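The values are calculated or read from the model by the stated rules, or taken from the named source; none is laboratory data. Just so it is clear, the structure is predicted and the values come from calculations on it, not from any experiment. For neighbour counting, all protein chains shown are included, and Cβ atoms are generated from backbone atoms with ideal geometry for every residue, glycine included. Just so you know, the surface numbers come from the protein's heavy atoms only, side chains and all, with ligands and any DNA or RNA stripped out. Shrake-Rupley method; radii C 1.70, N 1.55, O 1.52, S 1.80 Å.
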Amino acid sequence: VTSYSSPVAKTSNGQIVIGNSGGTCTIPSGTSINVNFDMKAPYKPNDTYQFPTTVSQGATNVSAAETWTGDTYIQTQLAASLSITVWPSTGPLGVLTPTCTAACTYDQTTNMLNFGTIGSPASNTGTDVVLVDVSTNAASPTAWGVYVTTNTNPANTTGTYANELVTGVDQAKSTSGFTTYQTTMTVVPTSGTGLATVHTTGMNPSRTPFGIVNNYEVYINGGTTTAQTATVTYTFLAQ
């Protein structure tokens, strides 16, 4: 490598020059040379980055042909993954201590949180019982949120909540910077996009996950007291 330079945003391209001090580097006809370098991963989805090659001999410059159309371009695609932890011991800001207002148990083999037998009217609230870690390259100005649904949620006939399973976010224990947090306990829907637990109109990029700590409550007031098993689903949506 004779010289190299890093790009300056909106001003100049980066460049790697290969050759000795005299500027010569012999590549026999029909052969190739491999150039490897580390690139700092860009975060802005849908941006395109071009890596063209030019071969120079004296004053003659020849742009290398593409092996297939577009092979000198890299486009950043938006991606996200969710990691769900029930009864977490550590969150984005440190130690978590999940608790319930009444007896509850967590079975690691089934990943099930059991709120126990609840009468009517009665409730059992679990604090910091679910951690959702979001790993994504989505960054400002891309807006995104995390939504939650459940497959079943029996109805109440009276009281504070229309259905028995409700949830909310513990904002003080979660990653800061979201535009909105669903801190008020709210019924978990069984259809549609779901309940937005957090939402951002544009977040700074992060190489570490965004952590969302969630509370859950089973609230029964006139609803069924028969044992129920509910599956909760979290979904990442970018707008």
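Observations
- Subset of the range 197-217 (residues that are open to solvent by 30 Å² or more (accessible area, probe 1.4 Å) and in a strand (DSSP E or B)): His199
- Residues that are modelled with pLDDT under 70 and either within 16 Å of Val17 (Cα to Cα) or of a type in the set (Lys, Arg) (or both) within the range 41-60 comprise just one, Lys44.
- Applying the condition of being part of a loop (DSSP other than H, G, I, E, B) and touching a Pro at 6+ places or on another chain (Cβ under 8 Å) to the range 166-196 and asking which residue is nearest to Gln228 (Cα to Cα) yields Ser174.
- Residues that are in a strand (DSSP E or B) and more than 23 Å from the chain's Cα centre (by Cα), drawn from the range 125-165: Thr125, Gly126, Ala155, Asn163, Leu165
- Near pairs, Cβ below 7 angstrom, 6+ apart or cross-chain, from the range 83-98 (closer than 14 Å to Asp133 by Cβ) to any residue that is part of a loop (DSSP other than H, G, I, E, B) and of a type in the set (A, V, I, L, M, F, W, C): Pro88/Leu96; Ser89/Leu96; Thr90/Leu96
- Filtered residues of the range 61-112 (kept if open to solvent by less than 80 Å² (accessible area, probe 1.4 Å), of a type outside the set (A, V, I, L, M, F, W, C) and part of a strand (DSSP E or B)): Ser81, Ser83, Thr85, Gly91, Gly94, Thr99, Tyr106, Asp107
- Pair list, Cβ under 7 Å, 6 or more apart: the range 105-116 residue farther than 15 Å from Thr231 by Cβ, other residue of a type in the set (Gly, Ala, Ser): Gly116/Ala102; Gly116/Ala103
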